[in-house]
Amino acid sequence: MIELENISKTYPAKKQTITAVDDVSLSVKEGEIYGIVGYSGAGKSTLLRCINLLESPTSGSIEVDGTDLLSLKPKELRKSRQSMGMIFQGFHLALGKTVLENIAFALKASRVEKKERRKRALELLELVGLEDKASSYPAELSGGQKQRVSIARALANKPKVLLCDEATSALDPNTTQSILALLKKINQELGLTIVLITHEMEAVKEICDRCAVMEDGRIIERGSTYALFSSPQEELTKRFIRTVIDFRIPERLMEETEGTLVKLTFKKDLAKKSIVSDLLQQYEVSGNILHGKIDYIKERPLGTFIMELTGDPKEVAGAIRYLEGKLGEVEVIQHDRTTRSTVAGAE
Ligand code: ADP
């Protein structure tokens with residue numbers, strides 16, 4: 001649906017050129033929700049704005065729904081842009097217009113008749129759950145309600161793509177959840193393709209099918225959201241994931257443990273299997289769980305446990321091999337005390 005190839009965007013500046021996006025290629029499939037995460041200044045917003053040509057790239061090509069956007073004449077581009085709605089962190093609503101007028105206004109540009117505009121605006125308000133706010137002004141609404149209005153407005157021209165620029169970043173956690181649920185609903189009910197940029201991993205975890213991590217204008221890691229959460233490769237990705245799944249345990253507790261500390265990741269249906277109890281039956285080790293959590297990544301379970309294994313070193317090594325065989329990978333985050341003192345003594 002969206003094909004970006006070798007997109008770069010530079011801005012001339014006094015001392016040196018700023019490279020906001022640096023040779024990024026990205027493919028978003030029809031009907032999926034794609035997240036782009038990164039810290040402020042990573043180039044997310046510039047990349048997103050290249051998709052509807054609010055920013056024209058310095059180089060590269062952009063294809064949306066089979067159309068090469070850079071080859072379009074201004075009039076054709078305006079039409080093509082109507083197939084892409086956009087919402088922003090700051091809502092961008094017209095303050096002097098009512099909720100209904102804000103939505104209807106988007107239809108005026110595409111020459112829909114006045115009566116039809118009102119009807120369609122009311123339908124959209126119903127879709128976003130704000131049918132009772134038609135004659136309110138933006139100032140009378142909460143942040144979440146304002147974002148609902150801007151979603152309704154973005155959907156006015158029946159777009160195929162919705163671009164979301166930090167859409168939940170100004171909202172409290174509860175409101176964020178309700179807006180994410182709404183985005184998921186319109187993705188499913190209308191088959192809308194959604195690209196969202198955010199610095200909040202929670203949003204990605206909740207609704208994105210796939211995602212990319214951006215740093216210094218480049219995509220440094222990408223994949224299915226589940227794969228990224230269950231086996232992140234890059235340090236920055238790990239840092240983002242720790243903001244929602246924090247499996248670190250306090251230093252003091254680490255110091256006090258005697259045995260080998262392992263981090264176990266149970267992917268998908270492995271969380272339901274009795275791997276740990278089988279392990280304790282087969283090996284002469286004791287297992288003490290120091291931390292455990294099951295998260296749901298777009299409704300699929302991902303379990304993370306930190307376990308202390310104690311016993312004869314051979315048994316512990318055998319237990320770790322058993323776990324590796326079952327789980328794919330096991331991270332030893334701290335060796336048992338005897339090994340640790342040997343290592344310390346050798347230094
Ligand atoms: P993000 O959305 O990840 O915060 P942006 O795309 O807004 O990142 O910005 C990426 C980089 O490009 C930043 O260094 C920013 O200062 C720079 N930049 C963005 N827009 C402009 C502009 N219009 N003129 C000059 N520099 C810009």
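Among DSSP beta bridges whose residues both lie in the chain, state the antiparallel percentage, nearest 5. If I count the DSSP bridges inside the chain, around 70 percent turn out antiparallel. Taking the square roots of five times each eigenvalue of the Cα gyration tensor of the stretch 1-148, the equivalent ellipsoid has semi-axes of 32, 19, 15 Å, listed largest first. Computed with a 1.4 Å probe on the full set of protein chains, the accessible area for K160 sits at about 100 Å². Of the residues L124, G31, V99, the one whose Cα sits farthest towards the positive end of the charge dipole of the stretch 24-128 is V99 (charges of +1 on Lys and Arg Cβ, -1 on Asp and Glu Cβ, taken about the Cα centre). Taking 16 Å as the straight-line reach from the Cα of K160, the lysines in range (excluding those fewer than 8 positions away in the same chain) are K29, K79, K184, K185. The Stokes-Einstein estimate for the chain, based on a Kirkwood radius over Cα pairs and taken at 37 °C with 0.692 mPa s viscosity, is a diffusion coefficient of 143 µm²/s. Here the stretch 251-346 has an Rg and Dmax of 13.9, 48 Å, counting Cα atoms alone.
Here K115 and L190 are evaluated by their C-beta separation; at R0 = 30 Å the FRET efficiency comes out at 0.85.
Residues with beta-carbon under 11 Å from that of M86, excluding M86: net charge, scoring Lys, Arg +1 and Asp, Glu -1? Net of charged neighbours comes to +2. In sequence order, the stretch 210-217 has phi-based couplings of 9, 8, 10, 10, 10, 8, 6, x Hz under the Karplus curve 6.51 cos²θ - 1.76 cosθ + 1.60, θ = phi - 60°, and Gly or Pro positions carry x. Surface composition of the chain: carbon and sulfur make up 48 percent of the accessible area, probe 1.4 Å. Across the options H335, A139, I18, the greatest Cα extent toward the positive end of the charge dipole of the chain (unit charges at beta carbon of Lys, Arg, Asp, Glu) belongs to A139. Straight-distance candidates among the lysines for linking to K268, with alpha-carbon spacing under 18 Å and chain neighbours fewer than 8 residues away dropped: K205, K293, K298, K326. With the simple spin-label model, which puts each label point 7 Å out from Cα in the Cβ direction, the T310 to I289 separation comes to 1.9 nm.
Scaled to the globular estimate 2.2 N^0.38 Å, the Cα spread of the stretch 135-176, given as radius of gyration, is 1.24. Charge dipole (Cα centre; +1 on Lys/Arg Cβ, -1 on Asp/Glu Cβ; no other charges) of the stretch 251-346 amounts to roughly 460 debye.
On a full-extension model of 0.36 nm per residue, what is the gain between R78 and S27, subtracting their alpha-carbon distance, rounded to one decimal in nm? Intermediate results must be reported in sequence, preceding the final value.
On the way: separation 51, 0.36 × 51 = 18.36 nm, distance 2.26 nm.
Here the answer is 16.1 nm.
Which FRET efficiency value, to the nearest 0.05, do you get for I333 and D172 by plugging their Cβ-Cβ distance into 1/(1 + (r/R0)^6) with R0 = 41 Å? It would help to have the intermediate numbers written out before the result.
Details: r = 34 Å, r/R0 = 0.83.
It comes to 0.75.
A protection proxy built from the mean count of other Cβ atoms within 10 Å ranks the segments 119-132, 251-264, most packed first, as 119-132, 251-264.
Rounded to the nearest 500, what is the 222 nm mean residue ellipticity of the chain from helices alone, with -39500 (n - 2.57) per DSSP H run of 4+ residues and division by all residues?
-11000 deg cm²/dmol
Say a paramagnetic label sat at a point 7 Å from the Cα of E256, along Cα to Cβ; which residues of the stretch 308-329 have their backbone N under 18 Å from it? Hits in the stretch 308-329 for E256 at 18 Å: 308-310.
Net charge within 9 Å of L236 by Cβ-Cβ distance, Lys/Arg positive one each and Asp/Glu negative one each, not counting L236 itself?
Values: positive: K238, R239; negative: E215, E221, E234, E235.
Cβ neighbours under 9 Å give a net charge of -2.
I'd like to check one number: the per residue accessible area of the chain, probe 1.4 Å, reported in Å² as a whole number. Walk me through the numbers before you get to the answer.
Values: 17680 Å² over 347 residues.
Ligands and nucleic acids excluded, the figure is 51 Å² per residue.
One decimal place: the segment E131-T243 gains 36.7 nm when fully extended, by the rule 0.36 nm per residue minus the C-alpha distance.
If the reach is capped at under 24 angstrom between alpha carbons, list the lysines near K14, excluding any in the same chain fewer than eight residues apart. Reachable lysines: K44.
The values are calculated or read from the model by the stated rules, or taken from the named source; none is laboratory data. Please read all numbers here as calculations on a predicted model, not as lab measurements. Note: ideal-geometry Cβ built from the backbone for every residue, glycine included; neighbour counts use all protein chains shown. In case anyone asks, the SASA skips ligands and DNA or RNA and just uses the protein heavy atoms, side chains included. Shrake-Rupley method; radii C 1.70, N 1.55, O 1.52, S 1.80 Å.
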